[in-house]
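*Asks:* My questions will all concern the structure given below.
The values are calculated or read from the model by the stated rules, or taken from the named source; none is laboratory data. On a predicted model such as this, the values are computed, not experimentally measured, just so you know. Methodologically, a virtual Cβ is constructed for each residue, glycine included, from the backbone with ideal geometry; neighbour enumeration extends over all protein chains shown.
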Amino acid sequence: MQKKQINIQFRNHFHFSAPWGWINDPNGFSYFNGLYHLFYQYNPESSQWGPMHWGHAVSTDLIKWEHLPIALKPDQEYDMDGCFSGTAIEHEGQHVLMYTGHVHPAEKDRSEAVQVQCLAIGDGVQYRKNHANPVIGKNQLPSDCLIQDFRDPKIWKKGASWYCLVAARGISGFGRLLLFTSLDLLNWQYIGVTLEHFGNLGDMWECPDYFRVNNQDVLIWSAMSLPRQKMQFKNRDSVVYSLGSLDIDTGRFTGNAPRELDSGPDFYASQTVATPDGRIVLIAWMQMWERSIPVDELNHGWAGSMTVARTIEVRDGTLFQWPLAELEAYRKNHRVYHALLHGARTFERLSGQCLDICLKLTIPADAIFEFFFYQGNEEQTVLRYTEKDNLLTMDRTLGGVPIRSTSSVSPECQIYQTEVPLKDSVLDIRILLDRSAFEVFAQQGAYVLSTTVYPKDTSTGISFNCLNGKIDLKCEVWDLLIE
Ligand code: FRU
């Protein structure tokens, strides 16, 4: 394929993007033959969603990626309109991909679409679709589910059996997760409904993930058209998680009320990989459906990034996300600041757009903390903490090139909030700033916000402000450089 020209003005430095074209969900996030593999929903022909391919990249440390040739193209009768999302696993020295074949000819109504689960097997670079495809289709789908919304298989092995969790929509119009099993990857039987909600948790679910960490079963999925719940689910679609337990014989998952995984505007369709040293690492599409994407509108030839890889842990019933330790190897130019904040202030040598910033704040009653970044003439993004109501607010209203919501249910997409309790009056925040994306991790990663923003390259200013009292501020900063 011919290499396409792109405009690199807003390209991120340490957030993964395709070499050109559109990306959405991470796919087949796996460890195979000594390398981490990241596939992704990819349209190489445009910076907008289109016929889905599986783009492909590999890494030794989950931070620095090398692009490989496209792994899957929509070229079969059962996937001719897209190779949709799925997962990957190693089996007998081969790399097994399981994905959704999507058929929906443009002239036909969406209700005539067909989605089925398919296999492709490869050596880590080239993949061959299985002659038995589709391996899970209409015959295995319960009759009260719709074949037009049946996608995103998550595959794993336990003992001698394979298991596959697939997202579906019941005929009554609500999201469901279904569990299937197989002894040979080719013949699959339906076990049962893993989880369903009738009406209070969206009309379709996508991208299910299941893993065990810290002796806890975790189910993660992406839910569409979720009704807003106080501060949660501000976007039309959100990634949610539930901690509980999966009964592999009945397929049932019993867990606590689903919670939002990331409170920012740009986080969707996450996937995890288990590392050889036993960590669970998550990556997500750092974007959202029903949004304008400046680099597409400006014809820059690319759209979409992934979050940085995050370690997932469960402690005392809470899920924590933290930038992968491997990222720290790319830190340069360590700076340390300590001040009693009272009013506005800046620090020497503290500016830039590709930074790892760790803040430790001791916040007295009623104080308001403000952190401004990507600051320039008429541009700035703000992170604000108000002690009175424990609210952490991200405001990108003046962030740069405007981003618009095209969603009628969530038309406002600039200001996002989450409640973050202080711990002994302390708020700790780590913020990873990249050229057009930043991630905020509060209280060791119990609260996370992922956001895209498109400031000028001259908007490198960083400053702080404290209203109502004095805040003890400790700040450590590094440049993040991935050569
Ligand atoms: C989630 C999703 C998946 C689907 C893919 C299509 O963002 O809608 O359900 O497989 O994107 O690109």
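*Asks:* List the residue pairs whose Cβ atoms are under 7 Å apart, where the first residue sits in segment 274-297 and is part of a strand (DSSP E or B), the second is aromatic (Phe, Trp, Tyr), and the two are 6 or more positions apart or on different chains.
*Replies:* Ala274/Phe211; Ile280/Phe211; Ile283/Phe29; Ala284/Phe267; Ala284/Tyr268; Trp285/Tyr268
*Asks:* Also, I was wondering about something else. Given the criterion within 15 Å of the ligand (Cβ to nearest atom), among the small types (Gly, Ala, Ser) and free of Cβ contacts under 8 Å to residues at least 40 places away in the same chain, identify the matching residue among Ser59, Ser111, Ser46, Ser85.
*Replies:* Going through Ser59, Ser111, Ser46, Ser85 in turn, the sole match is Ser46.
*Asks:* Residue check: is Phe14 hydrophobic (A, V, I, L, M, F, W, C), surrounded by 19 or more Cβ atoms within 10 Å (Cβ to Cβ) and more than 16 Å from the ligand (Cβ to nearest atom)?
*Replies:* Judged against the criteria, Phe14 is a match.
*Asks:* Test of understanding: among Gln94, Gln117, Gln126, which residue is within 12 Å of the ligand (Cβ to nearest atom), more than 20 Å from Arg252 (Cα to Cα) and out of contact with any Cys (no Cβ under 6 Å at 6 or more places or on another chain)?
*Replies:* Testing whether each residue is within 12 Å of the ligand (Cβ to nearest atom), more than 20 Å from Arg252 (Cα to Cα) and out of contact with any Cys (no Cβ under 6 Å at 6 or more places or on another chain) leaves just Gln117.
*Asks:* For segment 361-380, enumerate the residues that are farther than 11 Å from Thr460 by Cα and within 26 Å of the chain's Cα centre (by Cα).
*Replies:* Phe371
*Asks:* Within segment 148-163, restricting attention to residues that are among the hydrophobic types (A, V, I, L, M, F, W, C) and surrounded by fewer than 17 Cβ atoms within 10 Å (Cβ to Cβ), which residue is farthest from the ligand (Cβ to nearest atom)?
*Replies:* Ala160
*Asks:* State whether one or more residues within segment 182-194 are assigned to a strand (DSSP E or B), within 16 Å of the ligand (Cβ to nearest atom), at pLDDT 95 or above and under 30 Å from Lys129 (Cα atoms).
*Replies:* no
*Asks:* Can you pull out every residue in segment 413-435 that is closer than 28 Å to Phe14 by Cα and assigned to a loop (DSSP other than H, G, I, E, B)?
*Replies:* Within segment 413-435, Cys413, Gln414, Val420, Asp434, Arg435 meet the criteria.
*Asks:* Okay, moving on. If you take the residues of segment 330-382 that are outside any strand (DSSP E or B) and small (Gly, Ala, Ser), which of them is surrounded by the most Cβ atoms within 10 Å (Cβ to Cβ)?
*Replies:* Ranking the qualifying residues of segment 330-382, first place goes to Ala367.
*Asks:* Can you tell me which residue within segment 243-273, out of those that are in a strand (DSSP E or B) and β-branched (Val, Ile, Thr), is farthest from Thr307 (Cα to Cα)?
*Replies:* Thr254
*Asks:* Now for a different question. Considering every residue within segment 63-71, establish whether at least one is more than 16 Å from the ligand (Cβ to nearest atom), buried (at least 16 other Cβ atoms within 10 Å of the Cβ) and closer than 20 Å to Asp266 by Cβ.
*Replies:* yes
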